[in-house]
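A.B. asks: Got a structure for you, questions after.
Please treat every number below as a calculation from the coordinates, not as lab data. All of these numbers come straight from a predicted model, not from anything done at the bench. Note that we place each Cβ from the backbone using ideal geometry, even for glycine, and neighbour counts take in every protein chain shown.
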């Protein structure tokens with residue numbers, strides 16, 4: 001399994017030979033980073049098998065890019081109001097209704113990815129949304145925003161889910177962290193080898 005951070009809160013996941021973009025292309029919305037040009041070009045030339053979007057905020061989805069992907073018909077598009085389930089090879093991606101952090105009027109889903117490994121991709125889901133996953137087997141990997149590890153209690157709750165690895169995204173630029181989010185997350189989880197904080201275009205390989 002290979003995970004490359006491609007956006008502010010998005011990744012390109014390769015699982016069992018299937019490529020999945022999860023909130024994989026976004027616009028830059030300071031202090032959060034956008035998707036670099038080289039990743040956009042690669043995805044245009046080699047579209048993923050599945051392109052899944054949790055919601056349509058610009059720091060999670062470049063709607064123009066997503067529309068182009070859909071119009072090409074080269075893979076399966078998932079998003080609120082678009083489609084909820086995709087199967088490619090031995091991999092299934094299923095949308096789970098979840099509440100956006102701090103907001104209840106934003107159509108938002110998270111995703112369960114099932115293959116040889118199980119992944120929960122949270123998008124901007126409130127940590128309380130984890131109740132919606134009670135019927136699913138425990139994940140091997142959780143990909144979540146900083147709210148899942150920026151306090152001792154949120155870190156413990158995420159740790160208690162039993163995932164082998166946790167990838168934390170949606171961190172601001174190092175030079176624009178007005179509220180000290182990066183230091184809070186690293187203080188809570190930085191010494192835990194199960195937690196990763198990849199930079200844009202950084203790849204993590206997990207056996």
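A.B. asks: So residue 118 clears everything in (1) closer than 24 Å to residue 163 by Cα; (2) crowded, with 19+ Cβ neighbours inside 10 Å except one condition, right? Which one?
C.D. replies: (2)
Matching residues to (1) over 19 Å from residue 87 (Cβ atoms); (2) crowded, with 19+ Cβ neighbours inside 10 Å; (3) free of Cβ contacts under 8 Å to residues at least 60 places away in the same chain; (4) more than 13 Å from the chain's Cα centre (by Cα):
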site: 8; (1), (2), (3), (4): yes, yes, no, no
site: 15; (1), (2), (3), (4): no, yes, no, yes
site: 23; (1), (2), (3), (4): yes, yes, no, no
site: 60; (1), (2), (3), (4): yes, yes, no, no
site: 66; (1), (2), (3), (4): yes, yes, yes, yes
site: 73; (1), (2), (3), (4): no, no, yes, yes
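A.B. asks: Please specify each residue of the range 182-201 satisfying the condition of being under 30 Å from residue 41 (Cβ atoms) and either surrounded by 12 or more Cβ atoms within 10 Å (Cβ to Cβ) or free of Cβ contacts under 8 Å to residues at least 40 places away in the same chain (or both). Working first, answer last.
C.D. replies: Our first condition is that a residue be under 30 Å from residue 41 (Cβ atoms); within the range 182-201, this holds for 182, 196-201.
Across the range 182-201, the qualifying residues are 182, 196, 197, 198, 200, 201.
A.B. asks: Looking at this structure, is residue 144 in contact with a strand residue (DSSP E or B) (Cβ under 8 Å, 6 or more places away or on another chain) and surrounded by fewer than 20 Cβ atoms within 10 Å (Cβ to Cβ)? Give the steps one after another, and end with the answer.
C.D. replies: Numbers: in contact with a strand residue (DSSP E or B) (Cβ under 8 Å, 6 or more places away or on another chain): yes; surrounded by fewer than 20 Cβ atoms within 10 Å (Cβ to Cβ): no.
Against the criterion (in contact with a strand residue (DSSP E or B) (Cβ under 8 Å, 6 or more places away or on another chain) and surrounded by fewer than 20 Cβ atoms within 10 Å (Cβ to Cβ)), residue 144 does not qualify.
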